[in-house]
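The values are calculated or read from the model by the stated rules, or taken from the named source; none is laboratory data. All of these numbers come straight from a predicted model, not from anything done at the bench. Backbone-built Cβ (ideal geometry, glycine too); neighbour counts: all protein chains shown.
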Amino acid sequence: MLPIERAAAALEVVLCSGFPTQLIIITVLTTFGMRPTVGSGRLSPAFVFSLTLVDTVVLVGLVLFFLRAHRESPREMFLGSRAPRRELVFGLALVPVSFAVVLGVLMILQLVVPGLRNVPHNPLQDLAQTRGNAIMFGLVVMIAGGVREEIQRAFVLRRFEQYLGGGGVGLIVFSITFGLGHLPQGHDVAIATAILGAFWGAIYLGRRSILGPMVGHAGFNLAQVVKFVVAGG
């Protein structure tokens, strides 16, 4: 394997990590007058929804572009050889399991290192204050979380497998990155999210299909929005 191939794969991983694309989109949105927060300091639903949906389109487009450049099959990478219907059913079973993983990790952290709970009010809760925003929020988290992030995760893991030290290394690196993206929700949530991301990534590596993790991830995110609306927190 040539060093230039590894360098190109590393560049693809960085570009598809979500951070460069989001920084560019944030710059564009703010240039056109949109602001991340409203007057009270709460997150702006319009800004967050716009950023997330635009980034979904850009990131998925990048992944497909790189696959085409390498003459790789998206179907093979994302769906593998398993029966799609069976994977979708499997994904439904992953929703309660995902909740169990997160709740278990948060309970352990609360008992062992309670200081990690440094954000008492989840800022994402402010995105579901009205019925319209809650519905839009639910759609966004299913598309951006369930679809975009699982496509992103599978692509990054495969690049690590092919060029950057193996799927296990990719699983660790991307899971940490996934957790860091949730730091605004608290240190404990970031750790729990990193572990949950590793859980979904391990399933992909084992089954070679994103359908199960995609459904599990989308269902988990949607349930979180419902929780914000019903329980408030």
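Scan the range 80-104 residue by residue and report those that are in a loop (DSSP other than H, G, I, E, B), surrounded by fewer than 16 Cβ atoms within 10 Å (Cβ to Cβ) and either under 16 Å from the mean Cα position of the chain (by Cα) or in contact (Cβ under 8 Å) with a residue 40 or more places away in the chain (or both). SER81, ARG82 - these are the residues of the range 80-104 that are in a loop (DSSP other than H, G, I, E, B), surrounded by fewer than 16 Cβ atoms within 10 Å (Cβ to Cβ) and either under 16 Å from the mean Cα position of the chain (by Cα) or in contact (Cβ under 8 Å) with a residue 40 or more places away in the chain (or both).
When GLY166 is tested against (1) crowded, with 16+ Cβ neighbours inside 10 Å; (2) over 20 Å from LEU64 (Cβ atoms), exactly one condition is not met: (1). Within the range 16-32, the set of residues being under 15 Å from the mean Cα position of the chain (by Cα) and either buried (at least 17 other Cβ atoms within 10 Å of the Cβ) or more than 22 Å from GLU150 (Cβ to Cβ) (or both) comprises CYS16, SER17, GLY18, THR21, GLN22. Looking only at the range 175-193, residues that are under 19 Å from VAL13 (Cβ atoms) and either more than 10 Å from the chain's Cα centre (by Cα) or at pLDDT below 95 (or both) come to 6 in all.
Go through the range 15-67 and give me each residue that's among the aromatic types (Phe, Trp, Tyr) and touching a Cys at 6+ places or on another chain (Cβ under 8 Å).
Across the range 15-67, the qualifying residue is only PHE66.
Taking MET77, is it touching a Lys or Arg at 6+ places or on another chain (Cβ under 9 Å) and on the phi < 0 side of the Ramachandran plot? Yes.
Of everything in the range 136-160 that is farther than 22 Å from VAL13 by Cα and either touching a helix residue (DSSP H, G or I) at 6+ places or on another chain (Cβ under 8 Å) or at pLDDT below 95 (or both), the residue that is surrounded by the most Cβ atoms within 10 Å (Cβ to Cβ) is PHE137.
Annotation: ILE172 fulfils all but one of (1) touching a Pro at 6+ places or on another chain (Cβ under 7 Å); (2) farther than 25 Å from VAL48 by Cβ; the unmet one is (1).
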